[in-house]
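Remarks on the structure that follows.
The values are calculated or read from the model by the stated rules, or taken from the named source; none is laboratory data. The structure presented is a predicted model; accordingly, all values stated were derived computationally and were not measured. Heads up, the Cβs are rebuilt from the backbone with ideal geometry, glycines too, and the neighbour counts pull from every protein chain shown.
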Amino acid sequence: MEKFETVSHIRDFLQPIKRSGKKIGFVPTMGALHEGHISLIKEARNDTDVVVCSIFVNPKQFNNPEDLEKYPRDIARDIHLLEIADCDVVFIPSEQEIYPDDKSENFDFGLLENVMEGTFRPGHFNGVATVVKRLFEIVDPDNAYFGLKDYQQLLIVYKMTKDLKLPVEIIPCPIVREKNGLAMSSRNERLSAEEREQATLLYETLKMVKIRSGYASVGEISSFVEQQFRRNKFVKLEYFEIVDMYTLQPLKTWASSNNVIACIAAWVGPVRLIDNMIIFS
Ligand code: AMP
């Protein structure tokens with residue numbers, strides 16, 4: 001596997017490959033890799049000729065300084081996992097390489113950012129779009145792979161790519177879960193064994209929501225979810241929303257959309273987790 005730390009070196013390597021007509025698949029990450037990330041690498045491996053993974057903990061997308069400081073980092077282990085997954089190129093840039101003039105861009109995502117993560121993490125999606133756009137400029141991929149785990153982020157990236165007419169195809173990939181149902185996340189590393197067990201409440205609740213969507217109203221389900229979380233003293237609900245899959249606007253009735261997803265965010269001890277489940281589409 002080739003490893004690069006500078007923009008000029010990775011460009012020098014990738015540009016001739018691109019010019020020769022080979023297809024580049026790209027998986028942007030913040031490291032502390034797990035099977036969720038590796039599933040994206042595998043999808044890219046299947047679809048494209050050269051697989052590139054970036055590892056960059058992007059300060060611009062952290063609205064909480066403690067979250068940034070405590071974000072898990074283990075580059076040696078990440079490199080090992082990428083080698084096993086048959087990744088071709090890893091890009092591990094410094095902040096200076098990504099943001100040489102520390103400029104932030106301002107994106108307008110309209111209604112997509114006025115809900116859920118957009119509400120609770122001000123500036124987060126602007127930071128995500130800034131880094132994804134910059135990484136796309138550097139890597140110039142044909143395909144880029146994103147997890148459905150961060151569903152709102154996926155829609156934001158779709159919109160940015162479409163609005164800016166970037167020549168990249170965005171490929172969504174399914175959520176990878178632990179055996180107990182907990183969605184894999186780098187932040188899970190910060191949970192104790194007890195907290196990891198308690199954190200399954202997010203997935204357990206989403207499963208119950210899906211079953212109840214067959215007979216209960218949207219309002220009844222929201223009350224049910226709040227009650228579930230009130231009973232558990234380890235897990236604090238931040239939001240639960242039943243929304244249209246494309247506009248992300250909250251639904252009052254099932255009949256108001258044909259494509260529905262339930263999204264949840266909750267705190268388990270000091271760690272904030274998100275999860276979601278498609279209810280029907
Ligand atoms: P992150 O390193 O958390 O920024 O994630 C990098 C990419 O991996 C994003 O596209 C995430 O949506 C994706 N990802 C993270 N966790 C999972 C998971 N459990 N299943 C599938 N994709 C994931």
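Data table
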| quantity | calculated |
| --- | --- |
| Every pair of residues 6+ apart whose Cβ atoms lie under 8 Å, when the first sits in the stretch 242-265 and is acidic (D, E) while the second is part of a loop (DSSP other than H, G, I, E, B) | D244/L251; D244/S257; D244/N259 |
| Extreme residue, surrounded by the most Cβ atoms within 10 Å (Cβ to Cβ), among residues of the stretch 19-40 that are closer than 18 Å to K133 by Cα and not hydrophobic (A, V, I, L, M, F, W, C) | G25 |
| Count - residues of the stretch 181-198 that are part of a loop (DSSP other than H, G, I, E, B) and within 13 Å of the ligand (Cβ to nearest atom) | 4 |
| Subset tally (residues that are charged (D, E, K, R) and within 10 Å of the ligand (Cβ to nearest atom)) for the stretch 19-41 | 1 |
| Filter pass, T119 being over 15 Å from the mean Cα position of the chain (by Cα), closer than 29 Å to S20 by Cα and surrounded by fewer than 21 Cβ atoms within 10 Å (Cβ to Cβ) | no |
| Any hit, the stretch 123-145, residues being free of Cβ contacts under 8 Å to residues at least 24 places away in the same chain and under 21 Å from N58 (Cα atoms) | yes |
| Residues (within 13 Å of the ligand (Cβ to nearest atom) and out of contact with any strand residue (DSSP E or B) (no Cβ under 6 Å at 6 or more places or on another chain)) located in the stretch 42-54 | K42 |
| Unique match (being away from the ligand (no atom under 15 Å from the Cβ), within 25 Å of L273 (Cα to Cα), of a type outside the set (V, I, T) and surrounded by fewer than 19 Cβ atoms within 10 Å (Cβ to Cβ)) among E113, E66, E95, E105 | E66 |
| Positions within the stretch 127-172 being part of a helix (DSSP H, G or I) and either among the basic types (K, R) or outside the structural domain of M30 (by TED's automatic domain parsing) (or both), in sequence order | K133, R134, K149, K159, K162 |
| Among the residues listed as L191, L237, the single one being buried (at least 18 other Cβ atoms within 10 Å of the Cβ), modelled with pLDDT of 95 or more and out of contact with any helix residue (DSSP H, G or I) (no Cβ under 8 Å at 6 or more places or on another chain) | L191 |
| The lone exception for V57 - which of (1) surrounded by fewer than 18 Cβ atoms within 10 Å (Cβ to Cβ); (2) in a helix (DSSP H, G or I); (3) within 15 Å of the ligand (Cβ to nearest atom) it fails | (2) |
| Cβ pairs under 8 Å, 6+ apart, first in the stretch 24-43 and assigned to a strand (DSSP E or B), second among the polar types (S, T, N, Q) and near the ligand (Cβ under 10 Å from one of its atoms) | F26/S54; V27/S54; P28/S54; T29/S54 |
| Residue within the stretch 251-259 that is under 23 Å from K70 (Cβ atoms), of a type in the set (S, T, Y), surrounded by fewer than 17 Cβ atoms within 10 Å (Cβ to Cβ) and more than 16 Å from the ligand (Cβ to nearest atom) present | no |
